[in-house]
1. Give ASP153, ASP186, ASP205 a once-over and let me know the one that is closer than 23 Å to THR261 by Cα and of a type outside the set (Lys, Arg).
2. Out of everything in the stretch 192-211 that is at pLDDT below 90 and assigned to a loop (DSSP other than H, G, I, E, B), what residue ends up being surrounded by the most Cβ atoms within 10 Å (Cβ to Cβ)?
3. Could you grab the pairs with beta carbons closer than 7 Å, sequence gap of 6+ or different chains, first residue in the stretch 70-92 and touching a residue at least 12 places away in the same chain (Cβ under 8 Å), second one assigned to a loop (DSSP other than H, G, I, E, B) and β-branched (Val, Ile, Thr)?
4. For the structure I just gave you, tell me whether GLY165 is small (Gly, Ala, Ser) and at pLDDT 95 or above.
5. If I filter the stretch 63-73 down to residues being surrounded by fewer than 20 Cβ atoms within 10 Å (Cβ to Cβ) and under 25 Å from ALA98 (Cβ atoms), which single residue comes out as farthest from ligand 1 (Cβ to nearest atom)?
6. Do we have any residue at all in the stretch 247-254 that's farther than 16 Å from LEU41 by Cβ, of a type outside the set (A, V, I, L, M, F, W, C) and in contact with a Cys (Cβ under 6 Å, 6 or more places away or on another chain)?
7. When both residues are 6+ apart or on different chains and their Cβ atoms are under 7 Å apart, which pairs have a first residue that lies in the stretch 166-194 and is under 21 Å from SER219 (Cα atoms), and a second that is within 16 Å of ligand 2 (Cβ to nearest atom) and charged (D, E, K, R)?
8. Take the conditions within 24 Å of ASN117 (Cβ to Cβ) and modelled with pLDDT of 95 or more and apply them to VAL182. Does it pass?
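The values are calculated or read from the model by the stated rules, or taken from the named source; none is laboratory data. For clarity, every value in this text was computed on a predicted model and none was experimentally measured. Ideal geometry is used to build each Cβ from the backbone, glycine not excepted, and the neighbour counts take in all protein chains shown.
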Amino acid sequence: MNDMRIVERAVETRNIKISARGVQVHYGDKHALRDVDVDILDNTVTAFIGPSGCGKSTFLRCLNRMNDTVAVAKVSGTILLDGEDIYDRRVDPVQLRAKVGMVFQKPNPFPKSIYDNVAYGPRIHGLTRNKAELDEVVEASLRKAALWNEVKDRLQEGGTGLSGGQQQRLCIARAIATSPEVLLMDEPCSALDPIATAQVEELIDELRASFSVVIVTHSMQQAARVSQRTAFFHLGNLVEYGETGAIFTKPSDPRTESYITGRIG
Ligand SMILES: Nc1ncnc2c1ncn2[C@@H]1O[C@H](COP(=O)(O)OP(=O)(O)OP(=O)(O)O)[C@@H](O)[C@H]1O
Ligand SMILES: [Mg+2]
């Protein structure tokens, strides 16, 4: 029994993609995130849930140093990606964000063509050697984002001319075009209709084969459908983290139970 537990733990340790310890965030005087410890697994979808203002986006933004762009934000603690400190002085945040990509709540295509939106990352990071290679990356990314068939004949048209659901899939294609290792998604379906939501959810499940995916969602059903791990945040604290099925069926903290049964939120 004991031996089995040791083996299990060893497997889990190898599978850790991001390891956060003692992460705190202040916005000026406001203490938005308190002492968060969490290990995010590779090839796993991790859902962040919790009431509005509890710090989900704040913590997500710590994972690719997007908070660096918020002047009043102060981040402390340690975040390791594959064992390397992402806040080390030698880490270039732009390079980091190619590895840890992000998709936002509101689709935000650049005011460029569909093609150029997806080609943007590979171009600035010099990931392809010629036009043929770039074409391949653009096509593969759009296919993975389940958008290729809808746009293959209009790649030179503006990305902002797509429907909301298509724009969000375009942003996903743009994020995966740099072959990130981790994909952070902050409420990626909140502006989408049920059909586009279902497409994006299916896509998230497929992306898990190649990446570690972290998704913030206000939909408990969505968290239950797409994730294997769930973290519940409340008032800046990470209250509970574990296997999604267990969090939803037998939460160990009364605050988690209140939230998932709709008593707080
Ligand atoms: N740029 C900022 N400046 C000051 N305070 C901020 C800033 N961004 C977030 N906060 C504060 O930090 C706390 C956590 O915010 P955060 O956006 O992380 O919450 P959230 O859990 O993502 O909420 P929601 O579900 O509404 O998106 C909130 O009290 C918020 O007002
Ligand atoms: Mg948020």
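1. Working: ASP153 fails: closer than 23 Å to THR261 by Cα; ASP205 fails: closer than 23 Å to THR261 by Cα.
Going through ASP153, ASP186, ASP205 in turn, the sole match is ASP186.
2. PHE211
3. ILE79/ILE86
4. Values: small (Gly, Ala, Ser): yes; at pLDDT 95 or above: no.
Spelling it out, it is not the case that GLY165 is small (Gly, Ala, Ser) and at pLDDT 95 or above.
5. Just the residues of the stretch 63-73 that are surrounded by fewer than 20 Cβ atoms within 10 Å (Cβ to Cβ), to begin with: 65, 68-73.
Within this subset, residues satisfying the condition of being under 25 Å from ALA98 (Cβ atoms) are 65, 68-71, 73.
Working: ARG65: 15, ASP68: 12, THR69: 10, VAL70: 5, ALA71: 8, ALA73: 6 Å.
If we take residues in the stretch 63-73 being surrounded by fewer than 20 Cβ atoms within 10 Å (Cβ to Cβ) and under 25 Å from ALA98 (Cβ atoms), then ARG65 is farthest from ligand 1 (Cβ to nearest atom).
6. First pass over the stretch 247-254, keeping only residues farther than 16 Å from LEU41 by Cβ: 248-254.
Imposing the further condition that a residue be of a type outside the set (A, V, I, L, M, F, W, C) reduces the set to 249-254.
This time we only want the ones that are in contact with a Cys (Cβ under 6 Å, 6 or more places away or on another chain), so: none.
Checking the stretch 247-254: not a single residue is farther than 16 Å from LEU41 by Cβ, of a type outside the set (A, V, I, L, M, F, W, C) and in contact with a Cys (Cβ under 6 Å, 6 or more places away or on another chain).
7. Listed pairs, sorted by first residue: ALA191/LYS106.
8. Values: within 24 Å of ASN117 (Cβ to Cβ): yes; modelled with pLDDT of 95 or more: yes.
So VAL182 passes the test.
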